[in-house]
Amino acid sequence: MTGIDSPEEARARLEETGYLVDDGLAVACFLALRLHRPVFCEGDAGVGKTALAGALAEVLGAPLIRLQCHEGIDASQALYDWDFPRQLLHLRAAEAAGVTDADRLERELYDRRFLLARPLLRALQTQPSVLLVDEIDRADDEFEAFLLEVLSEFQVTVPELGTLRAEVPPVVVLTSNRTREVHDALKRRCLYHWFDHPGFARELAIVRRRLPGVSARLAEQVTALVQALRAEDLLKPPGVAETLDWVRALDALGADEAGAELAMATLGSVLKYREDTDRARGLDFAAILAGRGAGTG
Amino acid sequence: MTGDGPPLGGDAVLLGFARALRAAGLAVSAERVHAFLRAADALRPEVRADLYWAGRLTLCGDRDDLERYERVFGACFGPGPGGEPPRTARPAPPPRPRVAVREAPAGARGRGGADRPPGPPVASLASSAEVLRHRDVAGLDPAERAQVRRLLAAFALRGQARRSARRRPARRGEFDARRTVRELLRRGGEPAPPRLHARTERPRRVVLLVDVSGSMAPYADALLRFAHAAVRGRRTEVFTVGTRLTRVTRELSHRDADLAMAAVSEAVPDWRGGTRLGVLLREFLDRYGQRGTARGAVVVLLSDGWERGDPRLLAAQMRRLHRLAHRVVWANPRKARPGYAPLAAGMAAALPSVDAFVEGHSVAALERLAAVVRGADSGAGTGTGAGAGAGGAKGRERA
């Protein structure tokens, strides 16, 4: 359906959207499309797990349907619900019009038009579509088991309507921050990919691709600084998302390059803990910038 | 999901690889192998990089699996395609001494119970369960130990209750529009009494950090069995600390206690080493705690607080933990010793960030610990021991 016949093609198509992938992720995306398997993404915050779903949606020209998990989420929030007020209104209207055929009325009440499709059902009914199940580790075990059923069969049974099946299964991306062990039964049905922080070259390429209007030198310097920060022992090492934020912040200030002072002043866009900021202040930004500047001329 | 991949020439090789992975400790189920074969079939199985990724994506299920996968792949097919090797490259676990009976490192303590050997059985004629409940588990003979194990197996650790986002039908509470209207529908539009619902309560997550270093050796077995019983409460995570941090929740989920203990001793590489509480606590917070494991949870440290490293680091990490967790409980088996004072550098550094400081040396003490975790007994570190003053840390320190 997508004309993606190899991992290389998957990579090329994703890169067109500005999302750069490494070998493993290219293979994962290709297999997800070919074998209709969900991709299970784990890794630190800000490494592009959620962005992957957006990029896939763009590649496929499909809507992105997002299900944000939280504690206590249940089937009626994730799958479907009946629009009770409208059903009641319908009932009243029928009564006022003098309809006496009870059977027909009942059938009408549980018509599709009164069915409120929540993200999972919407993903099954939309073809093609990309379904993002975000932060699955926040949901409870019961919800995981329920999700397992939906994702392995790609169908849902509504008692009043029967079984609704996806003709083309949606492309599914699950993300987890590892706050809790996700059950192995769910992971078994997925392709598991661990997201690492990118190296300098790839991160620079991502920045250049995502923020084409920014000066090359600024992108390079900020990337070097972030890489240096990641090597430090921080509470929350910055992700690619923070790198982009930092570049945007400096660019908004009209900077063509990141002077040590300016970088120090905008640290708040990368580091979100006081302890981390303190530690970063101890670093010699000028030396890092100079080292990178000399390296690339 | 049916297999449509015809068997390919290299199937035997791939199956052999899967078997090697299983031997290396990966949970390679038949279903995963099936997925692996299909994935390899969709790719070019003769290309090593493709084979590498096909296996890694389908046969691994956890970050901790990646390092072992890397190793087995290297052994079977030569080095991987230079993808990013996982950063937590652990060296192979060193062989573990099992029954090295050794008292705590003499240099580290200097005071307290050092001169008191774990008391020999005094009046052991009547070793009824009631007496055993109060005995220090460090000084038990094998028969008593077995009985204590049975006592420990009866534990269920429940976290303190907190309000959940979920609502349940209830007699009093807020108006439940959805169920009321559904009821109206059922009656064909006739009026019906309003339905109400209220928020449910759920137990908080409990995180146990069990010290398995040398000085805790007499207690490690009992504490881990306690943890095993606690894990059946489902919302409990268990880690061991010593020279390394190891997550053992999965190992402890074996229903059979002895099997679980065997799995844990297999997984924990650092029995009876020194203690680096500060470093390991930081690792715990970085890798798990801050992301949510410790957030809003009841965190219990089962340790004697002998810290080999810098107590300032421990103090800083304890403050961090205290900010994340709902309650921090410290159970110290040595606290019950007469004349105990929390003067070990680590313990003293940690206490300001501890909400409840309790004993942890006997079944009765662990029962009390369970009550504290449940929130039933909020009396922090009361009763015996000189640590009560510092331990009743009601004046929570906020940084």
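The values are calculated or read from the model by the stated rules, or taken from the named source; none is laboratory data. Owing to the predicted nature of the structure, the values given are computational and were not obtained by experimental measurement. Because the Cβ atoms are built from the backbone with ideal geometry, glycine has one as well, and the counts that use them run over all protein chains shown.
Does residue A:65 qualify as being in contact (Cβ under 8 Å) with a residue 24 or more places away in the chain, among the hydrophobic types (A, V, I, L, M, F, W, C) and within 13 Å of chain B (Cβ to nearest Cβ)? Spelling it out, it is not the case that residue A:65 is in contact (Cβ under 8 Å) with a residue 24 or more places away in the chain, among the hydrophobic types (A, V, I, L, M, F, W, C) and within 13 Å of chain B (Cβ to nearest Cβ). Here residue B:172 meets each of (1) part of a strand (DSSP E or B); (2) in contact (Cβ under 8 Å) with a residue 60 or more places away in the chain with one exception, condition (2). Selection over segment A:240-289 of residues that are closer than 16 Å to residue A:219 by Cβ, touching a helix residue (DSSP H, G or I) at 6+ places or on another chain (Cβ under 9 Å) and not aromatic (Phe, Trp, Tyr) gives a count of 24. Restricting attention to segment B:288-319, the residues that are part of a loop (DSSP other than H, G, I, E, B), away from chain A (no Cβ under 14 Å) and in contact with a strand residue (DSSP E or B) (Cβ under 8 Å, 6 or more places away or on another chain) add up to 3.
There is at least one residue in segment A:100-110 that is in contact (Cβ under 8 Å) with a residue 24 or more places away in the chain and within 12 Å of chain B (Cβ to nearest Cβ). Can you work out which of the residues in segment B:138-164 that are surrounded by 13 or more Cβ atoms within 10 Å (Cβ to Cβ) and part of a strand (DSSP E or B) is nearest to the other protein chains (Cβ to nearest Cβ)? Per the stated criteria, the residue is B:164. Only residues that are more than 10 Å from chain B (Cβ to nearest Cβ) and under 25 Å from residue A:127 (Cα atoms) were counted in segment A:170-212, giving 6. Taken over segment A:1-13, residues that are free of Cβ contacts under 8 Å to residues at least 12 places away in the same chain, within 12 Å of chain B (Cβ to nearest Cβ) and in a helix (DSSP H, G or I) amount to 0.
Is there a residue in segment A:219-226 that is under 30 Å from residue B:316 (Cβ atoms), in contact with a Pro (Cβ under 6 Å, 6 or more places away or on another chain) and of a type in the set (A, V, I, L, M)? Yes, there is a match, as at least one residue in segment A:219-226 is under 30 Å from residue B:316 (Cβ atoms), in contact with a Pro (Cβ under 6 Å, 6 or more places away or on another chain) and of a type in the set (A, V, I, L, M). Restricted to segment B:37-66, and to residues there that are of a type in the set (Lys, Arg) and either over 22 Å from residue A:137 (Cα atoms) or surrounded by fewer than 22 Cβ atoms within 10 Å (Cβ to Cβ) (or both), the residue that is farthest from the other protein chains (Cβ to nearest Cβ) is B:48. Scanning segment B:243-275 for residues that are closer than 16 Å to residue B:149 by Cβ and in a loop (DSSP other than H, G, I, E, B) gives B:254, B:255, B:256. Residues in segment B:322-346 that are among the hydrophobic types (A, V, I, L, M, F, W, C), over 19 Å from residue B:204 (Cα atoms) and part of a helix (DSSP H, G or I): B:336, B:345.
For the condition at positive phi, out of contact with any Leu (no Cβ under 6 Å at 6 or more places or on another chain) and at pLDDT below 85, residue A:178 qualifies. In summary, residue A:238 fulfils each of the numbered conditions (1) touching a Gly at 6+ places or on another chain (Cβ under 8 Å); (2) assigned to a loop (DSSP other than H, G, I, E, B); (3) farther than 30 Å from residue A:14 by Cβ with the single exception of condition (3). Go through the residues of segment B:362-379 one by one and say whether even a single one is under 29 Å from residue B:151 (Cβ atoms), acidic (Asp, Glu) and either surrounded by fewer than 20 Cβ atoms within 10 Å (Cβ to Cβ) or at pLDDT 85 or above (or both). Taking every residue of segment B:362-379 in turn, at least one turns out to be under 29 Å from residue B:151 (Cβ atoms), acidic (Asp, Glu) and either surrounded by fewer than 20 Cβ atoms within 10 Å (Cβ to Cβ) or at pLDDT 85 or above (or both).
Can you tell me which residue within segment B:176-192, out of those that are in a loop (DSSP other than H, G, I, E, B) and in contact (Cβ under 8 Å) with a residue 12 or more places away in the chain, is farthest from residue A:108 (Cα to Cα)? Out of the qualifying residues, it is B:176. Being more than 30 Å from residue A:140 (Cα to Cα), buried (at least 19 other Cβ atoms within 10 Å of the Cβ), touching a residue at least 60 places away in the same chain (Cβ under 8 Å) and within 14 Å of chain A (Cβ to nearest Cβ) is a property that does not hold for residue B:214. For segment B:155-184, the tally of residues that are at pLDDT 80 or above and among the hydrophobic types (A, V, I, L, M, F, W, C) stands at 5.
The set of residues from segment B:256-302 being modelled with pLDDT under 85 and among the aromatic types (Phe, Trp, Tyr) comprises B:271, B:288.
Scanning segment B:200-208 for any residue that is touching a residue at least 60 places away in the same chain (Cβ under 8 Å), more than 14 Å from chain A (Cβ to nearest Cβ), hydrophobic (A, V, I, L, M, F, W, C) and in a strand (DSSP E or B) turns up at least one such residue. Reported count of residues in segment A:14-50, each being crowded, with 21+ Cβ neighbours inside 10 Å, more than 14 Å from chain B (Cβ to nearest Cβ) and part of a helix (DSSP H, G or I), is 1.
Just one residue in the set A:92, A:122, A:113, A:86 is part of a helix (DSSP H, G or I) and under 12 Å from residue A:67 (Cβ atoms); that residue is A:122.
Looking only at segment A:68-83, which residues are touching a Leu at 6+ places or on another chain (Cβ under 7 Å), within 12 Å of another protein chain (Cβ to nearest Cβ) and not in a strand (DSSP E or B)? Residue satisfying the conditions is A:83 alone. Tell me yes or no: at least one residue of segment A:132-141 is more than 18 Å from the chain's Cα centre (by Cα), part of a helix (DSSP H, G or I) and within 14 Å of another protein chain (Cβ to nearest Cβ). Checking segment A:132-141: at least one residue is more than 18 Å from the chain's Cα centre (by Cα), part of a helix (DSSP H, G or I) and within 14 Å of another protein chain (Cβ to nearest Cβ).
Cβ-Cβ contacts under 8 Å between residues 6 or more apart (or on different chains), taken from a first residue in segment A:26-39 that is farther than 19 Å from residue A:50 by Cβ to a second residue that is of a type in the set (Asp, Glu), are listed as A:27/B:50; A:30/A:9.
For segment B:240-254, filtering for residues that are crowded, with 24+ Cβ neighbours inside 10 Å and within 14 Å of another protein chain (Cβ to nearest Cβ) leaves 2.
On the stretch given as segment B:7-36, residues that are surrounded by fewer than 23 Cβ atoms within 10 Å (Cβ to Cβ), within 11 Å of chain A (Cβ to nearest Cβ) and part of a helix (DSSP H, G or I) total 4.
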